[in-house]
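Some notes on the structure that comes next.
The values are calculated or read from the model by the stated rules, or taken from the named source; none is laboratory data. Just so it is clear, the structure is predicted and the values come from calculations on it, not from any experiment. Cβ: placed from backbone, ideal geometry, glycine included. Neighbour counts: every protein chain shown. Surface areas here come from the heavy atoms of the whole protein model, side chains and all, with no ligands, DNA or RNA. Shrake-Rupley method; radii C 1.70, N 1.55, O 1.52, S 1.80 Å.
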Amino acid sequence: MKILKTIPVLAVLFVGLMSSCSNDAEESSEPIVANSIYETSAVTSQKSSTDKSASILKNSQSLEPVNLGIAGDFVILSKTGITDVYKSDVTGDVGASPITGAAILLKCDEVTGTIYSVDAAGPDCKVTNATRLTVAVGDMQSAYTNAAGRINPDFLNLGAGSIGGRTLTPGLYTWTSSLNIPTDITISGSPTDVWIFQVAGNLNMSSAVRITLAGGAQAKNIFWQTSGAVTLGTTSHFEGNILSQTGINLKTGASINGRMLAQTAVTLQMNTVVMPK
């Protein structure tokens, strides 16, 4: 009889125990839900990062080169003159306007190309063509405005204005200050990729520093738009088209594979300047 009375009691205890386990299981499920939320956040963050990278890739692929117009026919174009310390080696056409041809101090044996002047003054080998030069300078200014007006940069104030040692992928770069290149950099991309660098201040490249192209990147597709002056240090090497609202200054032995299109003066000191292909 005692056994029969004990069975219901055990049954009640068993049911109570199972109910308690069920409640524990429900309570233990809450950290799993929290885990899921955390994992979702992590995935969302990762997706956001992925979307940003995809957006940069899309922007860089759709970035159109700057149309240089007739200015693109010149390796050096200036509004206020071209000074020179002999002997420089310039490959491509050279011109200055509206300044008189007397402000073009390059000698004929330094230029493989045509030297254009607005008047009869200038080197003996010069060609007088004020109309062509006027159009070229107008196109140079339009190109500068176009480059400066590009919006939604892929990179803003990269390196806080100092980009030594970096590899630069295709895209639109903006600096709201001056830009310094204290050590070598690499510009890497395909032959059809485009780079536009917008610099609100000066662009300074240290002596003996080099820009190297990689992956098929081409200097003709690289545009440096600067509000301030550009200075390339002694024996440095530069790649790309410079569109400067101010002057472009090459120190002794510096070289450039690109164009120098300046709205003031260009100064040379025994430099090598080659039109990009």
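Yes/no per residue for (1) open to solvent by 50 Å² or more (accessible area, probe 1.4 Å); (2) in contact (Cβ under 8 Å) with a residue 60 or more places away in the chain:
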residue	(1), (2)
LYS107	yes, no
ASP154	no, yes
ARG166	yes, no
LEU172	no, yes
THR176	yes, no
SER188	no, no
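Residues that are open to solvent by 10 Å² or more (accessible area, probe 1.4 Å) and hydroxyl-bearing (Ser, Thr, Tyr) were ranked within the stretch 223-253; the one that is farthest from ASP89 (Cα to Cα) is SER227. Test ALA208 against the criterion of being part of a loop (DSSP other than H, G, I, E, B) and crowded, with 24+ Cβ neighbours inside 10 Å, and give yes or no. No; evaluated as a whole, the condition is false for this residue.
In the stretch 210-227, the residues that are touching a residue at least 12 places away in the same chain (Cβ under 8 Å) and on the phi < 0 side of the Ramachandran plot reach residues that are open to solvent by less than 10 Å² (accessible area, probe 1.4 Å) and hydroxyl-bearing (Ser, Thr, Tyr) with C-beta atoms within less than 6 angstrom, at least six apart or across chains, in these pairs: THR226/SER244.
Out of the stretch 254-277, which residues are closer than 13 Å to MET205 by Cα and either of a type outside the set (Gly, Ala, Ser) or open to solvent by 10 Å² or more (accessible area, probe 1.4 Å) (or both)? Of everything in the stretch 254-277, those that are closer than 13 Å to MET205 by Cα and either of a type outside the set (Gly, Ala, Ser) or open to solvent by 10 Å² or more (accessible area, probe 1.4 Å) (or both) turn out to be SER255, ILE256.
The one condition from (1) of a type outside the set (D, E, K, R); (2) under 20 Å from ASN202 (Cα atoms); (3) open to solvent by 50 Å² or more (accessible area, probe 1.4 Å) that PRO98 does not meet is (2). Cβ separations smaller than 9 Å between residues 6+ apart or across chains give the following pairs from the stretch 232-260 residues that are closer than 18 Å to THR186 by Cβ to residues that are of a type in the set (Asp, Glu) and surrounded by fewer than 24 Cβ atoms within 10 Å (Cβ to Cβ): SER255/ASP89; ILE256/GLU239; ASN257/GLU239; GLY258/GLU239. Of all residues in the stretch 239-262, those being of a type in the set (A, V, I, L, M, F, W, C) and closer than 14 Å to TRP195 by Cα number 2. Candidates in the stretch 137-152 are the residues that are among the hydrophobic types (A, V, I, L, M, F, W, C) and part of a helix (DSSP H, G or I); of these, the one that is most open to solvent (accessible area, probe 1.4 Å) is ALA148.
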